[in-house]
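K.L.:
This is the structure I want to talk about, given as structure tokens.
Bear in mind these aren't lab numbers, they're just calculated from the coordinates by the rules spelled out. Since the model is a prediction, treat every value here as computed from it, not as a measurement. Here the Cβ is made from the backbone with ideal geometry for all residues, glycine too, and neighbour counts use every protein chain on show.
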Amino acid sequence: MLLASETSIQLTNALEKLIDSGIQLGERVLGALIIFIIGKFLINWLNRLFARILEKRKVDPSIQSFLKSMVNILLLIMLILAVIGKLGIELTGFAALLASAGVAIGMALSGNLSNFAGGLIILVFKPFKVGDYIESPNASGTVREIQIFHTILVTVDNKVIYVPNGSLSSNAITNYNKQETRRAEWVFGVEYGEDFEKVREVLQRIIDADDRILKDPAPMIVLGALSASSVDIKVRVWTKTENYWDVYFDMNKIVYDTFNKEGIGFPFPQLTVHQAKD
């Protein structure tokens, strides 16, 4: 009987300890969950507040997106550490574990560190900014955001591309919006026998009628080449960068319509066959 009584007491103590441990664990989990929910709410509020401050101070949009991305990551790291601490995990032990795995983590994050450094280089030297249309070896599109590790591009057909900052900072980038003006160029082929001066006069009239085409630098209309089936007239004009594509496509249509009205013939490939006489 004494043995049974001692066993019962031990089981009761063990059960009480188990219940106490379960209650403590439940309290820690509940506390960690509350911290996480409140923390997420505070992070969203701080992110919006930080964004308003940046906009109020008229910070460059490229720097805004980078700073917002970095602040958001730092706040999330702080929240994760707070949740881990509430769960009862010793942060010192956690830090020691990270330190012991430092080499492996460094190797795993080497690409991200390169991308972070690339983002800083982009912000400092500004090869492009938000709103510019750029072309890289692997992607092209309009810059929507410059984040801490990636630059977000939107293609002309509305696809979103995440390009690592490291590749953008270490490769050749073509920025189509860096300069205020761009040169547009066409080659219009006309039939052999057409009066070049007449063609030139018609083209000059078309150019003069378009206010989007700049007078300085002056437009150029020259006889570019005598091709196999056409006389190629080369036209070069300058326009503001934002008007480039409108001017380019409008000129094609206007030249086509005007040449037809003026009786200027467009060439097509021809092959002349001479039959030998017996």
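K.L.:
Between N177 and residues 5 or more places away or on another chain, which pairs have amide H atoms under 5 Å apart, with H built 1.01 Å from N, and which residues are they?
P.N.:
Those lying under 5 Å, H to H, from N177 are Y133.
K.L.:
How large is the dipole of segment 201-278 about the Cα centre if only Lys and Arg carry +1 and Asp and Glu carry -1, each at its Cβ, rounded to the nearest 20 debye?
P.N.:
180 debye
K.L.:
As a quick test, which of the pairs K17/K40; K126/K240; K178/K198; K58/K86; K68/K159 have an alpha carbon distance above 32 angstrom in this structure?
P.N.:
With Cα atoms farther than 32 Å apart: K17/K40; K178/K198; K58/K86.
K.L.:
Please report Rg (one decimal) and Dmax (integer) in Å for the Cα set of segment 194-234.
P.N.:
For segment 194-234, the Cα-based Rg and Dmax read 11.7, 35 Å.
K.L.:
For a Förster distance of 41 Å, can you work out the FRET efficiency between the beta-carbons of V222 and K178, rounded to the nearest 0.05?
P.N.:
About 0.90, to the nearest 0.05.
K.L.:
For the ranges 127-133, 202-208, 63-69, what's the packing order if you count other beta-carbon atoms within 10 Å of each residue, average per peptide, and put the highest first?
P.N.:
Put in order of decreasing packing, that is 63-69, 127-133, 202-208.
K.L.:
Name the shape class, rounded, prolate or oblate, that the alpha-carbon gyration tensor gives for segment 160-201, where a ≥ b ≥ c are the square roots of its eigenvalues, rounded holds for a/c under 1.5, and otherwise prolate holds if a/b is larger than b/c and oblate otherwise.
P.N.:
It comes out prolate by the Cα gyration axes.
K.L.:
Can you classify segment 153-229 as rounded, prolate or oblate using the Cα gyration tensor, where a ≥ b ≥ c are the square roots of its eigenvalues, rounded means a/c under 1.5, and otherwise it's prolate if a/b beats b/c and oblate if not?
P.N.:
On the way: a/c = 3.01, a/b = 2.21, b/c = 1.36.
It is prolate, given that a/c is not under 1.5 and a/b is the larger ratio.
K.L.:
I'd like the Karplus ³J(HN,Hα) series for segment 40-48: coefficients 6.51, -1.76, 1.60, θ = phi - 60°, whole numbers in Hz, and an x wherever there's a Gly or Pro.
P.N.:
5, 4, 5, 5, 4, 5, 5, 5, 5
K.L.:
I've got another one for you. Classify segment 177-269 from the C-alpha gyration tensor, please: rounded if a/c falls under 1.5, else prolate or oblate depending on whether a/b exceeds b/c.
P.N.:
prolate
K.L.:
Using only C-alpha positions, report the orientation-averaged shadow area of the convex hull of segment 111-209, nm², one decimal.
P.N.:
Mean orientational projected area (segment 111-209, Cα hull): 9.3 nm².
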